[in-house]
Structure formats: C-alpha cells, structure tokens
1. If you check every pair at least six apart or on different chains, which have Cβ atoms under 6 Å apart with a residue in region A:11-32 that is facing chain C (nearest Cβ under 7 Å) first and a residue that is in a loop (DSSP other than H, G, I, E, B) and among the aliphatic types (A, V, I, L, M) second?
2. Can you say whether C:Val176 is modelled with pLDDT of 95 or more and more than 18 Å from the chain's Cα centre (by Cα), as far as the supplied structure shows?
3. Can you find even one residue in region A:96-106 that is buried (at least 18 other Cβ atoms within 10 Å of the Cβ), under 18 Å from the mean Cα position of the chain (by Cα), among the charged types (D, E, K, R) and facing another protein chain (nearest Cβ under 7 Å)?
4. Need pairs with beta-carbon distance below 8 Å; first residue farther than 15 Å from A:Val12 by Cα and within region C:15-36, second in a helix (DSSP H, G or I) and basic (Lys, Arg); sequence gap 6+ or separate chains.
5. Every residue in region C:46-67 that is at the interface with chain A (Cβ under 8 Å from one of its Cβ atoms) and crowded, with 24+ Cβ neighbours inside 10 Å, please.
6. Would you confirm, using the coordinates I've provided, whether B:Leu112 is out of contact with any Cys (no Cβ under 9 Å at 6 or more places or on another chain), modelled with pLDDT of 90 or more and within 14 Å of chain C (Cβ to nearest Cβ)?
7. List pairs: first residue in region A:69-80 and touching a residue at least 60 places away in the same chain (Cβ under 8 Å), second residue small (Gly, Ala, Ser) and crowded, with 24+ Cβ neighbours inside 10 Å anywhere in the structure, Cβ distance under 9 angstrom, at least six positions apart or on different chains.
Amino acid sequence: MNPYLSGVGIGVVLLLAFLIMGRGLGASGAFSTIVATGVSAVAPGHASANLPYAGYLGDGTTSPLKDWLVFEIIGVALGGFLSALLAGRFRTAIDRGPNTTDRARMVYAFGGGAIMGIGAKLARGCTSGQALTGGALLSVGSWLFIIGAFAAGYLAAPLFKRQWT
Amino acid sequence: MTSNQIMAGGALGLALFAAVAGTPYPAGADGDSSASSVRVVNVAEWIRDRRAGLQIVDLRPSEAFDRFNLPTAINVQLGALGVAGLDSAGLVVVYDDGNGLAERGKTILHALGFDSVSVLRDGAARWVADILNPMVARDASDAERAEFDSVADLSRYFGGMPRVVDRIDLEESAATQLKRTLRRGCAF
Amino acid sequence: MTAPLYEFGLITENASLAIAIGLGIAFGFFLERGGLGNANKLAAQFYLTDLAVLKVMFSAIVTAMLGLFWFSKLGLLDLDRVYVLPTFFAPHLVGGLVFGVGFVMGGLCPGTSCVSASTGRIDGLVLLAGMMFGIFVFNEAFPLVASFYNSTPMGQVTIPEVLGLSHGGVVLLIVVGAIGSFLLAGRLEARAKQGGA
C-alpha cells in the first residue's frame, strides 16, 4: 500500500482515538505495565514499594493488565497478523541486512530494544505515544522527542551500517 | 492527478484555511463574553460602569503604551501573560495596533485556562477614533445622529471631543489622529 | 453531542477496552500495509534508501492534526478535554536521542515490533524482550535518574504557545514542512535506486 495512504489510515485511527476516548495511541506504556505486572508477580513487595512500578499496578482491585494500552497493543499484533495473512506475507523469519548474521541480528535487536526501552521511559512515550499522539497535539515535548529521535538515528546510523547494508 | 497529489492538495487546503482561522476554538463559543471580539463602544461602557472583573490588557510595546493606552489598561507582553497576575474568572479584553498580537494573546490566555477573553476590534486606533474623536456629518441621517448622541456622552466621559463636522474626513490616518488627540492633552 | 465521547460519559469501561482492541487492530493493520513490520525497511530510513517511516509517520501526524483542528473548530470536539502530554524539556529531548540510537540499532520501534513479531519475525520478538529488559533496568535504576526525569517541567505547552503563533499558523507550517520533506524523500529514494540498482 502507498505509504502515504497507510499514514493517512493511521492518522484516522489516531483521530478516532481522540474523538472517542480523548486520548491518543501508545505502545511503550503497555510494556511498562507488562513489566510491572511481571515484577509484581515475582517480587510483590519490591514492586509496590517502588514508584515506577507502583504507578502501573493500580489499586489491586482489578488486574493491572486490564489496561487500555495493553488491550490496544494486543489489537496491534492482531491487526498486523491479519494484514500479513491476507497478503500472504506471514513468514517465520529473521529480518536483517545482507551482510550480517542471524546471531548478530538477535544481539542488536535485544540491545536496540533495551536502549529504546530506556529512551521511551525517559520521554514518557515512544513513536506511537509521543511522536504520533503528542505530535498531532503540537505538544512541545513530543516534537522535541521526534527531532531528537530522527537526529540520533541519522547520527548513529554509520555505527550500524554493517547490520543493514 | 495522482492520489498523492490529491492528498497533498487536500492537506494544504485544510491547513491554509486553518491558518486563516487562527484558533481551533469555534467563534463565539461560550459565556456571556461570548463574542471573541468586542467593539470599542462596549468596552468603553464596561469601563465607565466599572464592570467587575474587567481587565484590559495592552499587548503592544511599552513605548506605544506609554504614549497612549486605554484607561485602566495594563501593559503585558505576550511572553509574560502567564505571570501577569491576571484573574481568569474575570473578563479579559486584549488589544493591539491591529497587527495580530491581540489574537495571539487570546490564544495564549485560552491555553492558560482563561475562558473569557475578547479582542478589541480594530485595536487602539479605533478607540482614538470612535471614543475620543467621534464625528457626525451635519447632514447625517436621524439614525446616524442618534448613534452619535449616544456615543457623545461616553466620549466626553473619557475626555474625548465629539464634533459635528461639515464633512467626515476619512483621509486622516490613525497616527495623525492620535497626534492630534494627544496634543489636546485629555486622552488618558 | 460532542467528542471526546468517553469524557462525556458515553462509553463504559468495558466498551473502552473493546474500542482499544478495535483501534489497535486498525493501527497494526495499516502499519503492516505500509511495510513497517519489516526491520530492514524501517532501518533503511536512516540510510536514506527507503523513507517509508517518514512518509507514514508524518502523513499520520498531519491527518490527525488537521482532524483535531477542524473537528474542534466545527464545534464537534471539545479540545480542552483532550489530554495534552506535559513537556519535560530535557528528558523529552534526551529520551528522543537515546530512543533514536536504539531505533537504528534494532530497526523496529515498540509498535512496529508488535507487528513484526505477530507476522512471524523472530527478531521482532527478541526486540520486544530487549525493550522490556530496558524498561526493567530503567525502573530499577530509577532513584538515580529520578531528578533528571522530573527536571525542566514546562507543563502542557504546545508549539503555538511557545512560538507566539496562532494554532492554525503552526498547522500550516507543519503541513508545508511535511510536504516538503515528502518531496525530498522522493528525490532521495530515486537517487538511491539509481545508485544501487
């Protein structure tokens, strides 16, 4: 599909989120909830006593996983799956550049993910929550995030050239 | 036209209209200060009647303010609106020299939580003209004469000089009119 | 009846969760359609060979931004009830920089990694695991970063406010900027195709 059309489609979905729920979309927040739930299951005292976890655990009356963002990303996974299935693009594989190995890819995927997790926590959001949602709302912090992310991506690209090209 | 061009054109069109509209809030939204802009005559009446909660904010540079300002107005720059100590429960009337500052000030105040903000239509120059120098032609209609009479008292209250003239001189620029008014020494 | 419907008591909690799934499905669907479930395509953004990320992201932002403006202007949406994320200048900027490094390193972002994982890509799954690990590390180290995390708060400020421009004016600037960047993207991609093919 034409990327612009896909973008407009996402924009409409984002707009609907604003119109129906008064909020935008997100992703990293859902994973914060999942992490908090996991830690709480293993070490409940530790989780409830520490601010970054406690904030995602709620008051204990319902499961913290009964959270809007968690349900949303379940939808995201489903939607992606459906689209790939319909287009015959579902494939168990490892996406990587032609000049690297599967193993290296895994290491970089894990590492990149970890770094993004830290960045997203600092910025209180990721490309879905800050860039798309905050961007549409013209929030200053969100646009700072967008500029920072793109700038850093381009500046750091030479470091990972072997990974992708 | 390709679909990309149609999308781009549509977005650009909507954006141009948005820029013209300025604020995303509907015109004349809510509250008793429902007009997003007000006429000088109304503001003059509010000042004269000492309307509670009325705050007049002059957004122009301090030199302009010192030269001439509306009675009871305070001089606040756009960037200082948040810390000017304005009361959000009252009605704020912002004005400028007709160069768009007032619209911006209104937007900022709305974002700061002020519900009742109005822009003085046509800026400070309109006050100088309509309140301080109201004129009516000798051969004006009854309706025009009546309107002039109702403004005349208001004008005199503020030290203006209502006049009946042979012919309304539309050539006089706002700057000239202001100079003439200030020479009289009675504009606050 | 005005939007947001939820803020006016028109949607129950359970209905809101169902809506979350629905919106998520549409989001994920369009992401995959745009090809953003593939790490190679996403990373290519930073090597200027395929700028789909730019095209998708900014057309989405522009669409929603215009929608917000006009629905509000036409009285169909109460903009004051839409939650604007508060700005913390330094954490937002630094968080963005850090995120950008991780993005070009991993080739996927949180949302697209869900799509990647659900379309069979194992690297997407691994990236999600890494991200959760990163969140865990951040949370454990929180006392060390707490003061930075909460520094330079600016409140719920928007670009029109800080630049002293009208909301509509900023909308126009962004649309013009986006279209300009799209034209540039087309040129860069054509050049990459000539050079590589």
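The values are calculated or read from the model by the stated rules, or taken from the named source; none is laboratory data. Everything numeric here is computed off the predicted structure, so don't read it as measured data. Using ideal geometry, Cβ is built from the backbone for each residue, glycine included, and neighbour counts are taken over all protein chains shown.
1. Going by the 6 Å Cβ cut-off, the qualifying pairs are A:Leu14/A:Leu25; A:Ala17/A:Leu25; A:Phe18/C:Val82; A:Ile20/C:Leu5; A:Gly22/C:Val82.
2. Criteria met by C:Val176.
3. Looking for residues that are buried (at least 18 other Cβ atoms within 10 Å of the Cβ), under 18 Å from the mean Cα position of the chain (by Cα), among the charged types (D, E, K, R) and facing another protein chain (nearest Cβ under 7 Å), one finds none in region A:96-106, hence no.
4. Matching pairs, first to second residue: C:Gly35/C:Lys41.
5. Across region C:46-67, the qualifying residues are C:Phe46, C:Lys55, C:Val56, C:Met57, C:Phe58, C:Ser59, C:Ala60, C:Ile61, C:Val62, C:Thr63, C:Ala64, C:Met65.
6. No; evaluated as a whole, the condition is false for this residue.
7. none
Residue-by-condition table, conditions (1) closer than 30 Å to C:Gly155 by Cβ; (2) among the aromatic types (Phe, Trp, Tyr):
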{"site": "B:Val83", "(1), (2)": "yes, no"}
{"site": "B:Val92", "(1), (2)": "yes, no"}
{"site": "B:Ile108", "(1), (2)": "yes, no"}
{"site": "B:Ser118", "(1), (2)": "yes, no"}
{"site": "B:Met135", "(1), (2)": "no, no"}
{"site": "B:Ala146", "(1), (2)": "no, no"}
{"site": "B:Phe158", "(1), (2)": "no, yes"}
{"site": "B:Pro162", "(1), (2)": "no, no"}
{"site": "B:Arg167", "(1), (2)": "no, no"}
